[in-house]
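Undergrad: Below: one structure in structure tokens.
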Amino acid sequence: MDDFSPAYYIEKHFSQFEPALKEKIISHCTVKNFSAGEILMQTGQYFRSTVLIVEGRVKLYREGTGGEEFFMYYLEPGSACALSIICATRQQTSEVMAKAIEPTTVLMIPIQLMDELMRDYKSWYYFVLDSYRSRFEELLTVVDNIIFKGMDERLEFYLKGQYEKMKTNQLRITHQEIANDLSTSREVVSRLLKKMEQNKKIKLFRNYIEWL
């Protein structure tokens, strides 16, 4: 993973920020790298910083009482964890878990700055509102899929989303990982994937799924 300065990342992914805000963030943030599979945020954790994603990809889960994981949404470069913003501002603990699914770089902004950023910088205020809106819309999509669609439709929608976000038709994801994200069994996923292959929507390989 290349090691760039905060100024580089801010200009690359957050060019909409006003110049004074950029300088404020650059002078106070720290750059942190996470390996694939590493946990950025755990359920019950207090926040010391708000996180801006600048490289890589992060998956957010809601954890069940039995240790099961329910997939919520992804965070990608140019986005922020809206939950970390509100929890950091109110000094509340996290109710979700965030995990890097590929090498990931983030900018950590101290929570002490949150009130000042919201009060003094309009571009930060609108960025936070837009982050809330985007995450809420993604959660509505998840809810709609659970309530109104069968598992076959949910699986196809999920794979299509993976293809669009990863920008590759070779999806390196296991049947068990898909099952975890869709809160079903690996056997159900494998059966539905076989059916999709028969319908020529995908091709199954040993280490990846090809989206046709």
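The values are calculated or read from the model by the stated rules, or taken from the named source; none is laboratory data. Fair warning: this is a prediction, and the values are worked out from it, not measured in the lab. Cβ sites come from the backbone with ideal geometry, for glycine too, and all protein chains shown count toward neighbours. For the accessible areas, the whole protein counts, side chains as well, though only heavy atoms, and no ligand, DNA or RNA atoms are used. Shrake-Rupley method; radii C 1.70, N 1.55, O 1.52, S 1.80 Å.
Undergrad: Filter the chymotrypsin sites (Phe, Trp or Tyr not before Pro) in the stretch 141-212 down to the DSSP loop ones having no more than 12 other Cβ atoms within 10 Å, then list what survives.
TA: F205
Undergrad: Express the relative contact order of the chain as a whole percentage, based on alpha carbon pairs under 8 Å and six or more residues apart in sequence.
TA: 20 percent
Undergrad: Rounded to a whole number, what % of the accessible area of the stretch 47-138 do carbon and sulfur atoms account for, probe 1.4 Å?
TA: 50 percent
Undergrad: Per residue and in Å³, how big is the convex hull formed by the alpha-carbon atoms of the stretch 149-195?
TA: 71 Å³
Undergrad: Could you list, in their original order, any pairs among K12/K167; K32/K203; K99/K160; K12/K149; K165/K201 whose Cα atoms are separated by more than 26 Å?
TA: From the list (K12/K167; K32/K203; K99/K160; K12/K149; K165/K201), the Cα-Cα distance tops 26 Å for K32/K203; K12/K149.
Undergrad: So what does log10 I(q)/I(0) come out to for the stretch 66-212 at q = 0.16 Å⁻¹, using the Debye formula with one equal point on every Cα and no solvent?
TA: Log10 of I(q)/I(0), two decimals: -0.97.
Undergrad: Please calculate how many Å² of accessible area the chain carries per residue, with a 1.4 Å probe and no DNA, RNA or ligand atoms counted.
TA: The answer is 55 Å² per residue.
Undergrad: For the stretch 150-211, what % of the accessible area comes from carbon and sulfur atoms, probe 1.4 Å?
TA: The nonpolar share, carbon plus sulfur, comes to 46 percent.
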